[in-house]
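**Student:** Pasting a structure below so you can have a look.
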Amino acid sequence: MTPRPSPDVLARLRYEAGSHSVVLAYLIWFFLGYGGVHRMYLGRWISGLIMLALFGVSLLLTLVFVGYLGLGVIMIWWVVDALLIPGMTRRANYRLIDRLSG
């Protein structure tokens, strides 16, 4: 009979399996950030979907030159998110801890 891991070990394993990585968040931000995918990865689905919708509409409107304003907003939002990713990752991991301990 094999010994069962302690509850602390199980909680740690669950945390490690579900935690978010700052490095991965930055990679997603760099390659797919204009579509808000990094926000969705960090559990911010609504703002991620808004960013994706704004990008899609702006991209379509570039055909009539109006969409460049929206793309400018996306670029500013993308740069600001570079500064916010560590805090967003920390908060996502805190939410995971709360979910696992409750």
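**Student:** What tally of residues in segment 69-102 results from selecting those that are among the aromatic types (Phe, Trp, Tyr) and surrounded by 12 or more Cβ atoms within 10 Å (Cβ to Cβ)?
**Tutor:** The qualifying residues number 2.
**Student:** Give the residues of segment 1-30 that are under 30 Å from GLY56 (Cβ atoms) and touching a residue at least 24 places away in the same chain (Cβ under 8 Å), sorted by residue number.
**Tutor:** Result: GLY18, HIS20, SER21, VAL22, ALA25, TYR26, TRP29.
**Student:** Starting from segment 65-78, take each residue that is within 17 Å of LEU49 (Cα to Cα) and list its partners that are among the β-branched types (Val, Ile, Thr) and part of a helix (DSSP H, G or I), counting only C-beta distances under 9 angstrom and pairs at least six apart or across chains.
**Tutor:** GLY70/VAL57; GLY70/THR62; LEU71/THR62
**Student:** Which numbered condition in (1) at pLDDT 95 or above; (2) under 26 Å from GLU16 (Cβ atoms) is the only one that ILE46 fails?
**Tutor:** That leaves (2) as the condition not met.
**Student:** Okay, moving on. With the condition kept exactly as written, say whether any residue in segment 18-30 is at pLDDT below 95 and in a helix (DSSP H, G or I).
**Tutor:** Yes, that holds for at least one residue.
**Student:** With the checklist (1) surrounded by fewer than 19 Cβ atoms within 10 Å (Cβ to Cβ); (2) more than 25 Å from LEU100 (Cβ to Cβ) in hand, flag the one item VAL22 doesn't pass.
**Tutor:** Among (1) surrounded by fewer than 19 Cβ atoms within 10 Å (Cβ to Cβ); (2) more than 25 Å from LEU100 (Cβ to Cβ), VAL22 violates only (2).
**Student:** Select from segment 31-55 the residues that are surrounded by fewer than 15 Cβ atoms within 10 Å (Cβ to Cβ) and either in contact (Cβ under 8 Å) with a residue 12 or more places away in the chain or not in a helix (DSSP H, G or I) (or both) and list them in ascending order.
**Tutor:** Answer for segment 31-55, where residues must be surrounded by fewer than 15 Cβ atoms within 10 Å (Cβ to Cβ) and either in contact (Cβ under 8 Å) with a residue 12 or more places away in the chain or not in a helix (DSSP H, G or I) (or both): LEU49, ILE50.
**Student:** Considering segment 56-68 alone, what residues qualify as being surrounded by 15 or more Cβ atoms within 10 Å (Cβ to Cβ) and not hydrophobic (A, V, I, L, M, F, W, C)?
**Tutor:** Those that are surrounded by 15 or more Cβ atoms within 10 Å (Cβ to Cβ) and not hydrophobic (A, V, I, L, M, F, W, C): SER58, GLY67.
The values are calculated or read from the model by the stated rules, or taken from the named source; none is laboratory data. Predicted model only: the values in this text are computed from it and were never measured. All Cβ positions, even for glycine, are placed from backbone atoms using ideal geometry, and neighbour counts span all protein chains on display.
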